[in-house]
2 protein chains.
Amino acid sequence: MQGMVAVDYNLALQGILFYMIKKSGQNNKWDVQLRKGTLELVILSVLRGRKVYGLEILKSLHILPTMQITEGTLYPLLDRLKREGLIAAEWIQTEDTRPRKYYHLTQSGESKLKLLSERWSQSVSDIKYLLNNPGPKPLDQ
Amino acid sequence: MQGMVAVDYNLALQGILFYMIKKSGQNNKWDVQLRKGTLELVILSVLRGRKVYGLEILKSLHILPTMQITEGTLYPLLDRLKREGLIAAEWIQTEDTRPRKYYHLTQSGESKLKLLSERWSQSVSDIKYLLNNPGPKPLDQ
DNA sequence: AACCATACCTTGCATTGCAAGGTATGAAGT
DNA sequence: ACTTCATACCTTGCAATGCAAGGTATGGTT
């Protein structure tokens, strides 16, 4: 009986811990939705001016609290960007490691990056306006 | 024959016009995706400190270039926010108009607004870092 | 030989914004 | 009266995308 209680208790602790990690760590549902808008910009921006391979992108982003994504997110996205001609890939093998697939921006990828970052600025300023401004009775219609 | 050519020509013009309006106006596919993250924050922020009815929200947002949404977006979202207890609604009829459904923030809506806007700031600063910083060989791993 | 870390990829689901429709009501033309 | 228009709200089905949870292949270490 005591044994059983102990097991259940441990299971409960595990559950709680898991929940806390999930919750505090990175993945609110809202964060996920927010990334839907920004991730394309983010990836293009990581690739600007250099060649990077898949897992390296993941590691690069790992320091940014709102940008903690996984491989299941990254690889399909890279596929899409390649299909759209915004990035290109090549397999490169240095002597001491396994072959890696390095991505870099194409010409049209660079234009897109510029376009998206302008659009992003606009969005930031729009929301800034909403967060600072209103208060009661702002809009006389 | 000339008639047919004329018709096709007009159709083509219509198509082009339609395309241009769609394109230049508001709705890139990317803008739509970007809104998926921000719209909840935006609506809560519009409701902060006052009571507003549906179409009024739409009009309020109309001046912001990245926030031009339609009723098909708004009403389902208001429904969801109500279901989640973040906002509440009441029908109000002033003497000179038709009854309108006015929405306002609940207690938990206000906390959520605070939480989301903090998360938003984090995201903005993360992306700012990516857009300004990198360039070639920034990340020694 | 067994194991682990690195690297890439795939499948199916959940969420959400939106176009395109719809209903109801009152006011304004005719 | 009757049609038409503007206001107000709502619904349905689709498209796009992030992601968890799986998988494969390879080379080094024990």
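Each reported figure results from applying straightforward, stated rules to the coordinates on display, with no laboratory input. Not measured: the values here are computed from a predicted model. Using ideal geometry, Cβ is built from the backbone for each residue, glycine included, and neighbour counts are taken over all protein chains shown.
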**Request:** Give a residue-ordered list of calculated ³J(HN,Hα) values for region A:29-43 (Karplus: 6.51 cos²θ - 1.76 cosθ + 1.60, θ = phi - 60°; whole Hz; x for Gly, Pro).
**Result:** 5, 5, 4, 4, 5, 4, 5, 4, x, 9, 5, 4, 4, 4, 5
**Message:** Using DSSP to call loops (not H, G, I, E or B), can you name the GluC sites (Glu not before Pro) in region B:29-114 whose Cβ has at most 11 other Cβ atoms within 10 angstrom?
**Reply:** B:GLU95
**Request:** For region A:55-141, compute Rh as the Kirkwood radius over C-alpha pairs and then the Stokes-Einstein diffusion coefficient at 20 °C and 1.002 mPa s; write the answer in µm²/s, rounded to an integer.
**Result:** 131
**Asked** Given H placed on each backbone N at 1.01 Å, which residues far from B:GLY49 in sequence or on other chains put an amide H within less than 5 Å of it?
**Response** B:LEU105
**Asked** Can you run phi through the Karplus equation (6.51, -1.76, 1.60; θ = phi - 60°) for region A:70-81 and list ³J(HN,Hα) in whole Hz, with x for Gly and Pro?
**Response** 10, 4, x, 8, 5, 5, x, 5, 4, 3, 4, 4
**Prompt:** Shortest first, in nm, what separates the label point of A:ARG83 from those of the same position in the other copies (7 Å along Cα→Cβ)?
**Reply:** 3.0
**Request:** Extending each Cα 7 Å along its Cβ direction at B:TYR129 and A:ASN132, get the distance between those two points in nm, one decimal.
**Result:** 2.4
**Request:** Would you mind listing the distances between the B:ASN133 label point and the same position in each other copy? Use 7 Å along Cα-to-C-beta, nm, one decimal, shortest first.
**Result:** 3.2
**Asked** Which links in B:LYS59/B:LYS128; A:LYS36/A:LYS82; A:LYS101/B:LYS128; B:LYS51/B:LYS101; A:LYS59/A:LYS128; A:LYS36/B:LYS59 stretch past 20 Å when you go from one Cα to the other?
**Response** B:LYS59/B:LYS128; A:LYS101/B:LYS128; A:LYS59/A:LYS128; A:LYS36/B:LYS59
**Item:** Environment charge of A:GLN33, counting only residues whose C-beta is closer than 9 Å and scoring Lys/Arg +1, Asp/Glu -1
**Value:** +2
**Item:** Cut-off 14 Å, label 7 Å out along Cα→Cβ of A:HIS104, residues of region A:31-57 by amide N
**Value:** A:47-53
**Prompt:** Where the label is 7 Å out from Cα toward Cβ, how close does A:LEU115 come to the same position in every other copy, in nm, shortest first?
**Reply:** 3.7
